[in-house]
Amino acid sequence: MDFTFTEDQLLFCDSVKNFLQAEITPESLRASWDTDTGRSDELWQTIVELGLTAMLVPEAQGGLGMNELDFILLAQECGRVALAEALVETALVATPLLSALVDKDPRCASLLEKIASGEIRVAVGHPANELVSDAHVADWLLLPSGDQIHLLARDQVKLVTQHSVDPSRRLFTVEWKATDETCLAGGPEGVQLLAASLNRGALGCAAQLVGLAEAMVSLTVDYTADRHQFGKAIGTNQALKHHMANCAVKSEFAKAPLYRAAYTLSKAPQNADFAVSHAKVAAGEAALLAAKNAIQSFGAMGYTWECDLHIFMKRAWALDKFWGHTGFHKNRLHQWLMNPNAKIGADKTFGIQG
Amino acid sequence: MDLNYTPEQIAFRQEVRQWLADNVPAEPLQSFDTEEGFEQHRQWEKTLAKGNWGMVTWPQEYGGRACNLIEWLIFEEEYYRAKAPLRVNQNGIFLLGPTLMEYGTPEQKERFITQMARGEEMWAQGWSEPGAGSDMAAIRSKAIRDGDEYVINGQKVWSTRAVFADWVFCIFRTDPDSERHHGLSFIFVPLDAPGVTVRPIPQLDGLPGFAEIFFDDVRVPVSNRLGDEGQGWHIAMATAGFERGLMLRSPARFQETAKRLVELYRAHQNDILDLTIEDAVVKSYMDAEAYALSTYQTASRLIKGGKIGAEASLNKIFWSELDQRMHETAMSILASRAELLPHSSAAGNVGAWLEGFLFSQSGPIYAGTNEIQRNIIAERLLGMPRK
Ligand SMILES: Cc1cc2nc3c(=O)[nH]c(=O)nc-3n(C[C@H](O)[C@H](O)[C@H](O)COP(=O)(O)OP(=O)(O)OC[C@H]3O[C@@H](n4cnc5c(N)ncnc54)[C@H](O)[C@@H]3O)c2cc1C
């Protein structure tokens, strides 16, 4: 038993973290809101050059052949800076989905090569989400229809823009037609792939939510040290200390479940439902509490558009309900736990749950 | 105790309901944080005024109906039931109005309440400053006496709807050598006076719902002062009582939200998977009723000559946290649609919940933060040690 990340995983995360914190700032995010796509091709190419889109692509397709656990800390860092580009979904959802179909359909191998090299981007639709994010900058879309998964080029679909409270998020309803040509998988295989995608999407959200929660706490800690009322820093008030301490407790106990979920997905994905739902619910709670206590600690300043806090709050509110809202995930936990045959107990924590 | 409405009160409810049915605009108005929306709401205030419904508790000579507080609660219940527009002049009618009644000279009442009641003058509140939020006694903006005038210099911030309002009621330091809550006075300033600059501040939804106000040698007559010189803090605390308690947030507002929440839940009942949501809906309804019941009790007590004191802080915490919880619950019910702005086609008719959710985040902050209210409750109501 060794519940730590490897030296390599930590070093890589650190270097990516430095890159993200230098490139993705509240100023750069605000500037992106005023652009047509809200996305930067240049930034995406840098992300590609760092090898981030290739991480989960199999070696045979020119990738690094890594897994969910290798990526999880990066996903958390993407949340911490509120990255708008769809890196987490590309790496954790689109790539594994295509990888699973590599032997079946030659199109998938070619798409994977191009994801790794940055030639194309792929967006993913899923029944858990009414909308598809970043469909406008995707060259290809993976879309569900019943138990089937279809592959369509962007010019084969019609996108209708939907506006999120988070100005960084770009969401679309997609109008399209399923044909035999576009179908990649269906039947029991389709069902299984959709279920796996949901878990990976939820894992990506959970990781970003933890990063967002910590980012909001860190902004607040700084602000409450600078802002003075009654002749002292407002952070000296026990009420505010407790607000932040409560957030730290929530985040701490979201992280270990998050890492277990990433581990389980990488080793035994067929048994990951429970671990993923646990991570998503805990991370959502941590991020929502951080948003609530952060705005409260900022006072009126936190209620403005000019204050950077809302960038993170709005992302947290949105991701908490993406790739399965809390109700969905809690329900999976209920269903599993209330089953009289559920394997529960201390000795089962790291075993196969289900 | 008699928990029945009198025949007169029942008739009054009918009269209000009928008038609102005949007059409330069929289409919802635009947000009053836009120029157009503000004008629409101003017109609505005038419509209310023509029917003498602007502020029913005011005396008839000022355009009111001399109603007591129970009748006012009934009016509010009907108002929210009819989905009538929010009151763009709420700072004026709910905060300044009652304060003027208590502290204004006959001339001031005649001049300001009448205009307010006619829907002619919209008011903003100018208390907070960059260095004086929770610590309001740290106010530094000055109004220095010069003959029959005050000369005002300084800056206010977070002034709700000051972008489009006509007047602002402020607290200024009239004694430059004074400290803390001494030497402050309550003064009215027209927002178009020379030397006044208003800088809009966009809120979470991007609209300029509040503003910064700069005063650069602004001159107003001494008759714009409410109460005595140096009595500003004392009067402001009375106004804050109206803000935290009874007036600004009448229970009907929350009861209407709770009712909508129950309806929203019923409409989505089959796809709700989180067992805690139904519980949160039921609790919301109970809490909204508890707030109404408590308010009826307070109103009855006030009618018999009672006063409202530190317990206004209990109200403030209760309604603001209830409002936040109700909107969080609605967001949970709406799940992945919750993040959609109202004009998104996929939002259907549920986008208003998001707007309410954003606004509910400010409830525990404005009108004195809930941390400050908890300090007041602990120290003044419960007598816990201050140091
Ligand atoms: C939507 C909105 C509308 C508003 N409209 C108006 C208006 O029309 N006119 C007007 O004058 N003002 C208005 N305000 C301002 C409001 O009155 C202030 O926001 C409030 O008084 C808090 O001040 P602050 O924002 O400076 O926060 P701060 O005082 O800086 O407080 C920040 C945090 O520190 C905490 N804190 C501070 N001191 C203590 C303490 N001693 N103990 C424990 N915790 C403490 C606070 O509770 C808060 O959580 C509005 C605010 C909002 C959000």
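Derivation of every value follows stated rules applied to the coordinates shown; laboratory data play no part. These figures come from a predicted structure and were not determined experimentally. Cβ placement follows ideal geometry from the backbone for every residue including glycine, while neighbour counts extend to all protein chains displayed.
Stokes-Einstein D for region B:249-381 at 10 °C, 1.306 mPa s, Kirkwood Rh over Cα pairs, in µm²/s?
99 µm²/s
Starting from the Cα-Cα distance between A:M1 and A:E189, subtract it from 0.36 nm times their residue separation and give me the gain in nm to one decimal.
The span from A:M1 to A:E189 would gain 64.3 nm if fully extended.
Which value in Å does the Kirkwood hydrodynamic radius of the protein assembly as shown take, with 1/r averaged over all unlike C-alpha pairs and then inverted?
Answer for the protein assembly as shown: a Kirkwood hydrodynamic radius of 28.2 Å.
For chain A, state the average projected area of the convex hull of the C-alpha atoms over all orientations, rounded to one decimal in nm².
It is 18.7 nm².
Testing the spin-label approximation: label points 7 Å from Cα along Cα→Cβ at B:A26 and A:Q335. State their distance in nm.
The answer from the label model is 4.7 nm.
Below 15 angstrom from the Cβ of A:T173, what's the summed charge of the other residues (Lys, Arg +1; Asp, Glu -1)?
Taking every other residue near A:T173 into account, the sum is +2.
Which one of A:G204, A:G186, A:G284 has the biggest mean-square fluctuation once chain A is modelled by GNM with Cα springs under 10 Å?
A:G186
Could you work out how far apart the two model spin labels at B:D228 and A:A22 are, taking each label as a point 7 Å from the Cα in the direction of the beta carbon, and quote it in nm?
6.6 nm
Count neighbours as other Cβ atoms within 10 Å of each site's Cβ, and list the chymotrypsin sites (Phe, Trp or Tyr not before Pro) in region A:224-290 that are DSSP loop with at most 13 such neighbours.
Hits after loop and neighbour filter: A:F230.
Note the full-extension length gain between B:L381 and B:K50 as 0.36 nm times their separation in residues minus their Cα-Cα distance, in nm to one decimal.
Full-extension gain reported as 114.9 nm.
Quick one: work out the % antiparallel among DSSP beta bridges in the protein assembly as shown, nearest 5.
That works out to approximately 85 percent antiparallel.
If you count, for every residue in A:321-332, the Cβ atoms of partner chains within 10 Å of its Cβ, what is the mean?
Other-chain Cβ atoms within 10 Å of each residue's Cβ, averaged: 5.
Taking neighbour counts of Cβ atoms within 10 Å as a proxy for exposure, in what order, fewest first, do A:H278, A:H325 appear?
Least crowded to most crowded, the residues run A:H278, A:H325.
Direction-averaged shadow area of the convex hull around the Cα atoms of region A:142-205, nm²?
Result: a mean projected hull area of 5.2 nm².
Place +1 on the Cβ of every Lys and Arg and -1 on the Cβ of every Asp and Glu in the protein assembly as shown, take the dipole about the Cα centre, and give the residue among B:V189, B:I152, B:G230 whose Cα lies farthest towards its positive end.
Selected residue: B:G230.
Output the antiparallel fraction of DSSP beta bridges having both residues in chain A, as a percent to the nearest 5.
The antiparallel proportion sits near 85 percent.
Name the residue from A:A279, A:G118, A:P167 whose Cα lies farthest towards the positive end of the charge dipole of chain A, charges +1 on Cβ of Lys and Arg and -1 on Cβ of Asp and Glu.
A:A279
Charges only on Cβ, +1 for Lys and Arg, -1 for Asp and Glu: so what's the dipole of chain B about the Cα centre, in debye to the nearest 20?
Rounded to the nearest 20 debye, it is 660 debye.
Can you list, bin by bin at 10 Å, the percent of alpha carbon pairs in region B:173-249, starting at 0?
16, 31, 41, 11, 0
Show me, for region B:372-380, the HN-Hα J-couplings you get by feeding each phi into the Karplus relation (A = 6.51, B = -1.76, C = 1.60, θ = phi - 60°), rounded to Hz, glycine and proline as x.
5, 4, 5, 4, 4, 4, 5, 8, 8
For A:S117 and A:D34 in the same chain, what is the full-extension length gain: residue separation times 0.36 nm, less their Cα-Cα distance, in nm?
Between A:S117 and A:D34, full extension yields an extra 27.1 nm.
Where in region A:281-312 does the amide nitrogen come within less than 13 Å of the point 7 Å from the Cα of A:F253, taken along Cα to Cβ?
The answer is A:282-283, A:285-286, whose backbone nitrogens lie closer than 13 Å to the label point.
When chain B is modelled as a GNM with alpha-carbon springs shorter than 10 Å, which of B:A26, B:A310, B:A193 fluctuates the most?
Of B:A26, B:A310, B:A193, the Gaussian network model singles out B:A26 as fluctuating most.
Which value, in debye to the nearest 20, gives the size of the charge dipole of chain A about its Cα centre, when Lys and Arg are +1 and Asp and Glu are -1 at the Cβ?
In debye, rounded to 20, chain A gives about 1380.
Using the alpha carbons of region A:189-348, what is the convex hull volume per residue in cubic angstrom, as a whole number?
122 Å³
Over region B:70-226, what number does the Rg to Rh ratio reach, with both radii from the alpha-carbon atoms and Rh per Kirkwood?
Ratio of gyration radius to Kirkwood radius: 0.99.
Calculate how large, on average over all directions, the projected area of the Cα convex hull of region B:97-186 is; give the answer in nm² to one decimal.
Averaging across all directions leaves 6.6 nm² for the Cα convex hull.
What relative contact order, as a whole-number percentage, does region B:249-381 give when Cα pairs under 8 Å and 6 or more residues apart are counted?
27 percent
How far apart, in nm, are two points set 7 Å out from the Cα along the Cα-to-Cβ line at B:R325 and at B:D192?
Here the answer is 4.7 nm between the modelled labels.
What number, in percent, do you get for the relative contact order of region B:7-88 if the mean sequence gap of Cα pairs under 8 Å and at least 6 apart is divided by its residue count?
So the answer I get is 35 percent.
Hey, got the average number of other protein chain Cβ atoms within 10 angstrom for residues in A:120-130?
Mean shielding count: 1.
Can you tell me which aspartates and glutamates have their Cα less than 18 Å from the Cα of B:K387? Leave out same-chain residues fewer than eight positions away.
Partners within reach: B:D135, B:E371, B:E379.
Considering all alpha-carbon pairs of region B:7-88, what whole percent are spaced by more than 14 angstrom?
63 percent
If you take the charge dipole of region B:7-88 about its Cα centre, with +1 on Lys and Arg Cβ and -1 on Asp and Glu Cβ, which of B:W53, B:C67, B:L86 is farthest toward its positive end?
B:C67
Suppose we take every Cα in region A:149-270 and form the convex hull; what volume per residue is that in Å³?
145 Å³
When the Cα atoms of chain B are enclosed in a convex hull and the volume is divided per residue, what value in Å³ results?
It is 157 Å³ per residue.
How big is the dipole moment of region B:124-235 about its Cα centre under a simple scheme where the beta carbon of each Lys and Arg is +1, that of each Asp and Glu is -1, and everything else is neutral? Debye, nearest 20, please.
It works out to roughly 200 debye.
How far is helix A:238-267 tilted off the main Cα axis of chain A, in degrees rounded to 10, range 0 to 90?
Approximately 20 degrees, to the nearest 10.
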